[in-house]
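Q: Could you have a look at this structure, given as structure tokens, before my questions?
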Amino acid sequence: MLNTTRWPYPRIIAHRGGGTVAPENTLVALKVAASMGFGGVEFDVKLAKFGVPILMHDDTLDRTTDASGPVVDRDAAELRSLDAGIWFANEFAGEHVPTFEAAVTLCRSLGLWANVEIKPDDDNPEETGRIVAGMAARWWKDASPAPLLSSFSEAALAAARDAAPALPRALLVDEVPADWLERVKALGCRALHCRHDGITPELVAAVHEAGLGILAYTVNDPGLAYALFEMGVDAVVTDELRDIRPDFLTGHGR
Ligand code: G3P
Ligand code: MG
């Protein structure tokens, strides 16, 4: 049974905004998720030149735009001139790399809750955590529920905690480390975000026993999503927006 004090957020979350339906980390992806009824989205934020946060997963532009090279070498205006949609499908040609500010504004206007994944380059975790958290706190002031900041980078999360202590945080892990609880507590996190195949009933019980939430990523099979919810997982992040829909849990009688 969901404890909404522990997890006051949507339980089915669209990965990188639009999953497999729209180009990742773009404004159109957020619009698609909202149009499909999603109440929550996950997206990745990193710093462009001059410390301006933008939506992007990779350190380089090569995979998801029509340009190449490090993201951090381009300013927001240059990024705006790139095409971040055509790599995905012709119908998305002309989609830009959005600033974090534009994404927040859109989320707020669409009523979308966000899990903001802080995605630093190797050499700027503190700066990225500090800037993203500070801006999130300002732009989501008074939002309820507040956005949830997550990161694989503990240095980024520590900087986020120091810059915006009131914003909730989650530690993202690939392999679950043996000392996950110490790490989560040291960072003042309220949730553990785990790769789905590292989740066991014992882990779910221990996370809940500690008063924390647990999210599984990236869950693209409905049967697996169901099994994870049966295990007690609070939320899943999915690419398959058509198969694991916002009403997935209602459909399964939960
Ligand atoms: O936040 C969950 C998930 O997005 C983490 O992995 O690489 O898709 O950002 P990645
Ligand atoms: Mg992510």
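Q: I want to verify a result. In a Gaussian network model of the chain, Cα cutoff 10 Å, which of these has the top mean-square fluctuation: Asp59, Asp123, Asp243?
A: Asp123
Q: Suppose only helical runs count, i.e. DSSP H with n ≥ 4. What mean residue ellipticity at 222 nm does that imply for the chain under -39500 (n - 2.57) per run, divided by all residues and rounded to the nearest 500 deg cm²/dmol? Don't jump to the answer; show the numbers that get you there.
A: On the way: 9 runs with 80 residues, N = 254.
Theoretical 222 nm ellipticity from helices: -9000 deg cm²/dmol.
Q: With just the Cα atoms defining each centre, how far is the stretch 33-100 from the stretch 117-143? Give it in Å.
A: 16 Å
Q: Which of Ala191, Ala89, Ala216 moves most in a GNM of the chain, Cα contacts under 10 Å?
A: Comparing Ala191, Ala89, Ala216 in a Gaussian network model of the chain, the most mobile one is Ala89.
Q: Per residue, how large is the accessible surface of the chain? Use a 1.4 angstrom probe and give square angstrom. Each step should come with its number before you reach the end.
A: Numbers: 10590 Å² over 254 residues.
Dividing the accessible area of the chain by its residue count gives 42 Å².
Q: Hey, another quick one. Give the residue list of trypsin sites (Lys or Arg not before Pro) in the stretch 123-226 that are DSSP loop and have at most 15 other beta-carbon atoms within 10 angstrom. Before the final figure, lay out each step's value.
A: Working: sites: Arg130, Arg138, Lys141, Arg161, Arg169, Arg183, Lys185, Arg190, Arg195; in loops: Lys141, Arg190.
In loop regions of the stretch 123-226 (DSSP not H, G, I, E or B), the sparsely surrounded trypsin sites (Lys or Arg not before Pro) are Lys141.
Q: Also, I was wondering about something else. Calculate one ³J(HN,Hα) per residue across the stretch 76-81 by plugging θ = phi - 60° into the Karplus curve 6.51 cos²θ - 1.76 cosθ + 1.60, and present them in order as whole Hz with x for glycine and proline.
A: Karplus-based 3J(HN,Hα) across the stretch 76-81 equals 5, 5, 4, 5, 5, 7 Hz.
Q: Separate question: Just to be sure I understand: with springs between alpha-carbon atoms less than 10 Å apart, which residue in Pro177, Pro98, Pro145 has the highest mean-square fluctuation in the Gaussian network model of the chain?
A: Pro177
Q: Does the stretch 1-159 come out rounded, prolate or oblate, given a ≥ b ≥ c as the square roots of the eigenvalues of its C-alpha gyration tensor, rounded meaning a/c under 1.5 and, failing that, prolate meaning a/b above b/c? Provide the component values of the computation, followed by the final result.
A: Values: a/c = 1.87, a/b = 1.19, b/c = 1.57.
In terms of gyration-tensor shape, oblate.
Q: Apply the Karplus parameterisation 6.51 cos²θ - 1.76 cosθ + 1.60, with θ equal to phi minus 60°, to every residue of the stretch 166-173 and state each ³J(HN,Hα) to the nearest whole Hz, in sequence, with x for glycine and proline.
A: Residue by residue, the stretch 166-173 yields 7, 7, x, 10, 9, 8, 8, 10 Hz.
Q: Using θ = phi - 60° and the Karplus curve 6.51 cos²θ - 1.76 cosθ + 1.60, what whole-Hz ³J(HN,Hα) does each residue of the stretch 220-233 get, with Gly and Pro shown as x?
A: In residue order, the calculated couplings are 10, 10, x, x, 5, 4, 4, 4, 5, 5, 4, 6, x, 4 Hz.
The values are calculated or read from the model by the stated rules, or taken from the named source; none is laboratory data. Every value quoted in this text rests on a predicted model; they were computed, and no experiment measured them. Neighbour counts are summed over all protein chains in view; Cβ atoms, including those assigned to glycine, are modelled from backbone coordinates with ideal geometry. Accessible surface areas use protein heavy atoms only, side chains included; no ligands, DNA or RNA. Shrake-Rupley method; radii C 1.70, N 1.55, O 1.52, S 1.80 Å.
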